[in-house]
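Engineer: Before I ask anything, let me first share the structure, which is written out below as structure tokens.
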Amino acid sequence: MPFDQALRFASIWLAAISFIGLTLGAGLPEWLAVLTGAALIVAFVRNGGSKLAERFATVPSISPGGWNFLVIAGFLGFWVDLLWISGELLPAGIHFLMVLMIIKLFNLKLRRDYLHLYAISLVAILTSGSLTTDLWYLPIFLLYLLAAVWTLLLFQLTKHPEEIGMLTPPAPLWAPLHPSSGHVTPQFFWLANGLALATFGLTLAIFFAIPRVSAGFYQKGFGENIRTSGFSETVNLGEIGPVKRDPSVVMRVELSDGAPREAGGLYLRGVAFDQYDGKTWINRLNHRRAVSEDGMGRFVLRGDRSHQPSPPGETIRQNILLEPLDTPVLFAAPFIEAVSGKFPGVQSDQSGSVYLPFPSASRIEYSVRSRSNPVLPADLSPEPDRYPESFTRHFLQSPAQSKRIAALAEDITQTQRTAYEKANAIQSFLIHNFRYSLDAPLAELDHPLEEFLFTRKTGYCEHYATAMVMMLRAVDIPARLVTGFHATEWNEYGNYYVVRQQDAHAWVEVHLPHSGWITMDPTPPSIDSVTSGSPAWIALGRMMDTVRLQWSRFFVQYSAADQLAVVRELKAGSTSARNKAFDSIGALFSPLLAMFGGMTEYASKGTLQFAMELLGILLIGLTILWLGIKRPWSTGMVSKKTNRDEQAITQLYGRMVKHLAGEGIAKPPSTGPLEFVRIAQAKWNEANSAVASITELYCRARFGQTPPTSDELTIAEDQLRRLMVLNKP
């Protein structure tokens, strides 16, 4: 492929990659994405060198004044977009940038037009990088880096001499190349890719030398947090159901022992509610107090556990990576004793819920130490339960409702002696006599709980938890409803729980006099939560999620503290720094698996985004296919002997040219080897035989990829020696 055609393709490829990155990061309007994609396809076809390209070339083009008019119209459209459509500077600027790219793709005539296209592509890729921290940006950036190196090399090699002296206006890119210009050879192919690899290595070194900061201009005000439900001060009955249909990942939870919980997954507590009015749960104990900080970023919650005479229960240590949610709640296994993270402050209320001062607009990582409350032997004896009036006012409250619920609770627990046995009996009754379903439209009814218990007998977690709390309170057992997430999806490749929006859950906390609050869940297993897809797709999806976690840990959240830790480990000669580097590189070179692993998850994000990601995969596939067919590197893989023979004849030819120059026959830079033979013959006929023979061997090795044999090299050396002793008349 000639240099000029390769330059055109590389330039359009550069624009296409930046367009894909910006579309995935910013979410362009569909009409603008389709229009820009069509412009890129037309630009590729016009530069393809086929008959179809010739037809495109014959289509009358718009005059320079017409293009200037379109640029002015696009600028006016930017102000209309800013003031009346988008209402924000960033999206309006992105839309105007794509309009400029479309105009420039149809107006690529002079070399300066290509420089304009490079500038637009650079702004687009930088903008897409500032708008996302997702793993998909890595392959896009690597492709852009490769295309940029090729483009800059080709642009420099195709520069005309008159452009260097700046004596004439910029020459069109379609003008004939300088005679010394050539095609993309195997040597150039490997040189360009080697430079791209070296550039990437330098970029990676700078990337880790400079820690990440979260104070960018684009970090705020663009995009939305994941919407959640049930973690505010009120919960309407039936509110969590729609959330449970969303498969978006909201957090990932690593456990200290690196193994999944054996009994029914992991409950991640959010907010507890104490008052129910028949349709809505309210948290009356919502007064938040600041939690004291003990050390760097470690906040200790000192709860009142004076009612526990024996040592506390199991300690659970978690490391949680939380996506940006629209709630300030910090989720963790019950009950939180200490939380560590890069927070400006932490708050807690009287029910043990933990909050940030405000919802986070970016992904956060924090560590939690929790301790569960075991059921103590003292609560297994039938002693009367005594609670203070201030306690029962919150946790024995019951709305004015049918006596049928109280009668049902009495009937279920009449043979049980202790509060714990009664709670188990109610839990077992709900699990074995009701059916789980998300299609339970009970929220609009006047008495949804009675409809659930006595008529429909089908519902989801909120209905079961509310029913159990109300029946427990009917038999004078303090209880409250808790919302959070129930993690059951264990990623065996990364050893952590993947928690999705559909894992949002409501359960019950029952208070026993000696044990305190214990967790109970009356919701039966859900048939709607069966994972769909083949085992291979599920495994690949979990591999991809592991790569995403490592990407966030070693790249996105690489901070100054991490940088200092690496330096200290290197000074101490520790192997952990090397392991961390290997983990980072492993995450770096896994984008191909990531792209194929997340196909089913990507399809749920939206038609446009899915189409853009497929376009990116198609672009990579076509590149790999072209490399497989053309094999530009195959002709460059010659033996060492071939290289030595080619170098030998090249050296002989250089010595010959230097000798002739000393005899007054200089070779002009623009003169080809064969033309120089005719010049030498005209000026020195006696030297024609040696000059023609050596030049033939040189051209055959240099341009025909056929190196001379050993005998031919010996003959050429003899001819050069005779030429050097020959006297010129």
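Every number here is computed from the coordinates shown, using simple stated rules; none is lab data. No experiment lies behind these values; they were computed from the predicted model shown. No Cβ is skipped: glycine too gets one built from the backbone with ideal geometry, and neighbour counts run over all protein chains shown.
Engineer: What ranking of TRP150, TRP537, TRP31 emerges when the number of other C-beta atoms within 10 Å of each C-beta is taken as an exposure proxy, fewest first?
Structural biologist: Details: TRP150 24, TRP537 17, TRP31 8.
With the sparsest Cβ surroundings first, the list reads TRP31, TRP537, TRP150.
Engineer: Give me the Å³ per residue figure for the convex hull around the C-alpha atoms of region 446-512.
Structural biologist: 112
Engineer: How much length is gained if the chain between THR519 and ALA263 is pulled fully straight, taking 0.36 nm per residue apart and subtracting their Cα-Cα distance, in nm to one decimal? Intermediate values should be presented prior to the final figure.
Structural biologist: Values: separation 256, 0.36 × 256 = 92.16 nm, distance 1.26 nm.
Result for the pair: 90.9 nm of gain on full extension.
Engineer: On to the next question. Ranking CYS461, CYS699 by Cβ neighbours within 10 Å, fewest first, what do you get?
Structural biologist: Values: CYS461 25, CYS699 17.
In increasing order of surrounding Cβ atoms, one gets CYS699, CYS461.
Engineer: Please provide three numbers in whole Å: the alpha-carbon extents of region 638-725 along the principal axes, with the largest listed first.
Structural biologist: The Cα atoms of region 638-725 stretch 39, 28, 17 Å along the principal axes, largest first.
Engineer: Describe numerically, in nm with one decimal, the distance between label points set 7 Å from Cα along Cα→Cβ at ILE538 and at SER130.
Structural biologist: Simple spin-label model gives 4.3 nm for this pair.
Engineer: Calculate the spin-label point distance for VAL300 paired with PHE703, positioning each point 7 Å from the Cα along the beta-carbon direction, and give it in nanometres.
Structural biologist: The modelled label-to-label distance comes out at 8.3 nm.
Engineer: Please give the Cα centre distance for region 318-392 versus region 103-143, rounded to the nearest Å.
Structural biologist: One Cα centre to the other: 46 Å.
Engineer: Quote the FRET efficiency, to the nearest 0.05, computed for GLU410 versus GLU30 with a Förster distance R0 of 56 Å and r equal to the Cβ-Cβ distance. Working shown, then result.
Structural biologist: Numbers: r = 60 Å, r/R0 = 1.07.
For R0 = 56 Å, the calculated efficiency reads 0.40.
Engineer: Then there is this: Defining a contact as two alpha carbons under 8 Å apart and six or more residues distant in sequence, what relative contact order in percent does region 1-150 show?
Structural biologist: Working: 125 pairs, mean separation 63.2, N = 150.
The normalised contact order for region 1-150 reaches 42 percent.
Engineer: Here is a follow-up. With each pseudo-label sitting 7 Å past Cα toward Cβ, what's the GLN187-ARG317 distance in nm, one decimal?
Structural biologist: 5.9
Engineer: With +1 assigned to the C-beta of every Lys and Arg and -1 to the C-beta of every Asp and Glu, and no other charges, what is the dipole magnitude of region 234-520 about the Cα centre in debye, to the nearest 20? Numbers along the way, then the final one.
Structural biologist: On the way: 29 positive and 34 negative charges, 56 e Å.
It works out to roughly 260 debye.
Engineer: Could you tell me which of rounded, prolate or oblate describes region 364-464, using a ≥ b ≥ c as the square roots of the eigenvalues of the alpha-carbon gyration tensor, with rounded for a/c under 1.5 and, failing that, prolate when a/b is larger than b/c and oblate otherwise?
Structural biologist: Working: a/c = 1.67, a/b = 1.21, b/c = 1.38.
Oblate shape, in that a/c is at least 1.5 and b/c is the bigger or equal ratio.
Engineer: Let me ask something else about it. If the label point is 7 Å along Cα→Cβ of GLU383, which residues in region 404-431 have backbone nitrogen under 19 Å from it?
Structural biologist: Once the point is set 7 Å along Cα→Cβ of GLU383, 417-423 turn out to lie under 19 Å by backbone N, inside region 404-431.
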